[in-house]
Structure formats: C-alpha cells, structure tokens
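Asks: Structure incoming, see below.
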C-alpha cells in the first residue's frame, strides 16, 4: 500500500523538535497530575506513572541539551567534525581526509563557545 492520496508529495508538517515539545508537555502535565493523586494516597500504580513521566521529561531535557551543544556537520563535506582540547582551549575541526577545505574554528576557552562559533553559519 502506498501513502494516502491526500498526503502524496507533502512533507511532514511537524518537526522532531515540535514532537519532543508536545511529548515533554504531556509528560510534564501527567507528572503534575500524578503528584496531586499521590499526595492523596491513591495507589502505587499512580506513583509509578508519576515517576515514569518525570524520568522521561528529564531524559528529553538531557537529550536536548546534548543536541544543542553538538557541532553541525562540516559546511564543505558534511562529515561530523571533532572537538579538540589541549586542556585549556577548545576548537572544532573537520578531520575528514577527503575534505578539500578542512576548516577549523578559532580557539576558545570553553567547549560551548567553540561549538557555538562552529555552528554559526552566516
């Protein structure tokens, strides 16, 4: 079976970030609800659901933070660059041997600054 006629040729209207946002909102709402229920002493099942919802929210937040601080692919070859440090300074470099340009960022005092500078395309 192919895709439905009304969806042929259309791109997805919802991005991964929007899906994560909706999921986090729902899990957060669930956690608040189960917090209220647990304070009334309802059941262990509600406590387990509350714990699961809170853990999933934390996992989503951790994944977002990790993604936000990862360097984008090389603008010339598309391969994932590496973050290098000499213990004091950080820089992002393309290590692909086939990349004709092999760019690198300037050196920065923090990893976040180096990744932000690399990711800024303008």
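Asks: Tell me, yes or no, whether the stretch 1-18 has at least one residue that is at pLDDT 70 or above, over 30 Å from residue 108 (Cα atoms) and part of a helix (DSSP H, G or I).
Replies: Within the stretch 1-18, one or more residues are at pLDDT 70 or above, over 30 Å from residue 108 (Cα atoms) and part of a helix (DSSP H, G or I).
Asks: I'd like the full set of residues that are surrounded by 13 or more Cβ atoms within 10 Å (Cβ to Cβ) and part of a loop (DSSP other than H, G, I, E, B), limited to the stretch 84-115.
Replies: Within the stretch 84-115, 89, 94, 95, 96, 99, 102, 103, 105, 107 qualify.
Asks: Would you please list the contacts, defined by Cβ atoms under 8 Å and residues six or more apart or on different chains, that run from a residue in the stretch 100-122 that is more than 18 Å from residue 73 (Cβ to Cβ) to a residue that is assigned to a loop (DSSP other than H, G, I, E, B)?
Replies: Sorted first by the residue in the stretch 100-122, then by its partner, the pairs are 107/89; 108/89; 109/88; 109/89; 112/69.
Asks: Further, regarding this structure: Taking residue 56, is it touching a helix residue (DSSP H, G or I) at 6+ places or on another chain (Cβ under 8 Å) and modelled with pLDDT of 75 or more?
Replies: yes
Asks: Still on this model: If I filter the stretch 60-79 down to residues being in a helix (DSSP H, G or I) and more than 13 Å from residue 20 (Cα to Cα), which single residue comes out as modelled with the highest pLDDT?
Replies: Filtering the stretch 60-79 for residues that are in a helix (DSSP H, G or I) and more than 13 Å from residue 20 (Cα to Cα), the one modelled with the highest pLDDT comes out as 68.
The values are calculated or read from the model by the stated rules, or taken from the named source; none is laboratory data. Here the structure is a predicted model, which is why all the values come from computation and not from measurement. Ideal geometry is used to build each Cβ from the backbone, glycine not excepted, and the neighbour counts take in all protein chains shown.
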